[in-house]
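Peer 1: Before we start, here is the structure in question, set down as structure tokens.
The values are calculated or read from the model by the stated rules, or taken from the named source; none is laboratory data. Here the structure is a predicted model, which means the values were calculated and not measured. Backbone-built Cβ (ideal geometry, glycine too); neighbour counts: all protein chains shown.
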Amino acid sequence: MDITTPDTQEPHPAPRPPAPGRKHTATRPGDRIFLGLSRGAGILLLVIMAAIAAFLAYRASLAITKDHGNFLTTLEWNTGVTPPVFGIAVLAFGTVVSSVIAMVLAVPVAVAIALFLTHYAPRKVSGPIAYVIDLLAAVPSIVYGLWGALVLVPNLNGLFGWLDTYLGWTGVFSWDGGAPRSMLTVGILLAIMILPIITNVSREVFRQVPRMHEEAALALGATRWEVVRMAVLPFGRSGVVSASMLGLGRALGETMAVATVLSPDFLIHGSLLNPGGGTFAQNIASKFSEASEFGRDALIASGLVLFVITLLVNGAARMIIARRKEYSGANA
């Protein structure tokens, strides 16, 4: 009599994987409704983006075809004369320079604050600090602009003088003694504005670091800083890049704060300390209400350039995140 023991029983066959190329389809009514709504929301977003791009391109073409200068290199904005002459060279330079200054100042500080709140500060300290940072993210930009004009600008003379004394020989930090309403002032103000955004997103990313990674590093004798360097930062690298791109998006499109602290002109200054310059958003905000129909088309043309720059920046960020995907910890 053949008696099969439990140890010799054949295991149940494992479920077969779905055939290659077969897509999982929702069978429940709720799943089908949710799938349709989410797919429709994605398509609607693409349609809206395409409509914005088409509108900007059409209105921009009406202005660019009548421009008697080079739209990309002309250092002038005069749409009220015949023939009109205008260009975006100064605006592109000012927008990029001020945003780069803001990122250079804000990103290291924001990442340091996020690491302090998640891995160094006790809970009684990290909670109130995180709450204050959340409040800073909710402050309107015009409030930052008023603070910058009334508090920041009058107190930058000492910093500008120090930079001129010790770094003025570079030409980038030379100062003629005018009011400190320059690209560096704008960059400092933008850095303060985007600091809460980058800090909050980075903090949430660092909180998602698997505890096993940190414990494994500690078990190998790593110090707290080595744990941060070997486990936390590699895991959160793509999240920090995403947070930085969110901050950069606000810096590129900031309007009222820049218009409040900057003394605009249409010259490209080699020094970051001398007054002057301009940005796309600041120029549109200051001239749109008084512009003629053609002048508005010209401003829309500059808005199209800002739109393209933003798309390129976001596209580059997505490429960086995709290349660094193996460090994000998603596969751990």
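Peer 1: Would you say Leu62 is surrounded by fewer than 18 Cβ atoms within 10 Å (Cβ to Cβ) and part of a loop (DSSP other than H, G, I, E, B)?
Peer 2: In short, no.
Peer 1: Modelled with pLDDT under 90, under 30 Å from Gly270 (Cα atoms) and more than 21 Å from the chain's Cα centre (by Cα): is that true of Val151 in this structure?
Peer 2: When the stated conditions are applied, Val151 does not pass them.
Peer 1: Now for a separate question. May I ask you to list the residues in segment 130-147 that are assigned to a helix (DSSP H, G or I) and either hydrophobic (A, V, I, L, M, F, W, C) or farther than 26 Å from Ser202 by Cα (or both)?
Peer 2: Ala130, Val132, Ile133, Leu135, Leu136, Ala137, Ile142, Val143, Leu146, Trp147
Peer 1: Going by the conditions given, is Met245 crowded, with 20+ Cβ neighbours inside 10 Å, under 30 Å from Tyr120 (Cα atoms) and not polar (S, T, N, Q)?
Peer 2: So Met245 passes the test.
Peer 1: Another question, then. Which of the residues belonging to segment 278-314 are part of a loop (DSSP other than H, G, I, E, B) and in contact with a Leu (Cβ under 7 Å, 6 or more places away or on another chain)?
Peer 2: Gly278, Thr279, Phe288, Ala291
Peer 1: Out of Ile197, Ile188, Ile129, Ile192, I need the residue that is hydrophobic (A, V, I, L, M, F, W, C) and surrounded by fewer than 18 Cβ atoms within 10 Å (Cβ to Cβ). Which one?
Peer 2: Ile129
Peer 1: Return the pairs, sorted by first residue and then second, in which the second residue is in a helix (DSSP H, G or I) and at pLDDT below 85, the first residue lies in segment 241-267 and is of a type in the set (Val, Ile, Thr), the beta carbons are less than 7 Å apart, and the residues are 6+ apart or on different chains.
Peer 2: Val241/Ala317; Val241/Ile320; Val241/Ile321
Peer 1: Scanning for something at pLDDT below 90, more than 27 Å from Ala137 (Cβ to Cβ) and either of a type in the set (A, V, I, L, M, F, W, C) or assigned to a helix (DSSP H, G or I) (or both), does segment 237-258 turn up at least one residue?
Peer 2: Checked against the condition, which is being at pLDDT below 90, more than 27 Å from Ala137 (Cβ to Cβ) and either of a type in the set (A, V, I, L, M, F, W, C) or assigned to a helix (DSSP H, G or I) (or both), segment 237-258 yields no hits at all.
Peer 1: Now, a different point. Hey, among Phe288, Phe266, which residue is more than 30 Å from Val205 (Cβ to Cβ), surrounded by 14 or more Cβ atoms within 10 Å (Cβ to Cβ), at pLDDT below 90 and of a type in the set (Phe, Trp, Tyr)?
Peer 2: Phe266
Peer 1: Against the definition (surrounded by 22 or more Cβ atoms within 10 Å (Cβ to Cβ) and of a type in the set (Ser, Thr, Tyr)), how does Thr255 come out, yes or no?
Peer 2: So Thr255 does not fit the description; no.
Peer 1: State which residue is surrounded by the most Cβ atoms within 10 Å (Cβ to Cβ) when the search covers only segment 165-175 and only residues that are within 14 Å of Pro275 (Cα to Cα) and not aromatic (Phe, Trp, Tyr).
Peer 2: Ser174
Peer 1: Kindly evaluate Phe71 against the criterion of being in a helix (DSSP H, G or I) and more than 14 Å from the chain's Cα centre (by Cα).
Peer 2: no
Peer 1: When the residues of segment 88-111 are filtered to those that are small (Gly, Ala, Ser) and in contact with a helix residue (DSSP H, G or I) (Cβ under 9 Å, 6 or more places away or on another chain), which remaining residue is surrounded by the most Cβ atoms within 10 Å (Cβ to Cβ)?
Peer 2: Ser98
Peer 1: If I ask for residues that are of a type outside the set (A, V, I, L, M, F, W, C), in a helix (DSSP H, G or I) and over 28 Å from Leu272 (Cβ atoms), which ones from segment 186-211 would you list?
Peer 2: Asn200, Arg203, Glu204, Arg207, Arg211
Peer 1: Please go through segment 214-230 and pick out each residue that is modelled with pLDDT under 85 and either under 18 Å from Ile197 (Cα atoms) or buried (at least 19 other Cβ atoms within 10 Å of the Cβ) (or both).
Peer 2: Within segment 214-230, Glu214, Ala217 meet the criteria.
Peer 1: Across segment 106-160, what is the total count of residues that are without any contact (Cβ under 8 Å) to a residue 60 or more places away in the chain and among the small types (Gly, Ala, Ser)?
Peer 2: Residues flagged as without any contact (Cβ under 8 Å) to a residue 60 or more places away in the chain and among the small types (Gly, Ala, Ser) within segment 106-160 amount to 6.
Peer 1: Spot the failing condition for Gly277; the list is (1) closer than 22 Å to Ala179 by Cα; (2) small (Gly, Ala, Ser); (3) free of Cβ contacts under 8 Å to residues at least 40 places away in the same chain, and only one is missed.
Peer 2: Gly277 satisfies all of (1) closer than 22 Å to Ala179 by Cα; (2) small (Gly, Ala, Ser); (3) free of Cβ contacts under 8 Å to residues at least 40 places away in the same chain except (3).
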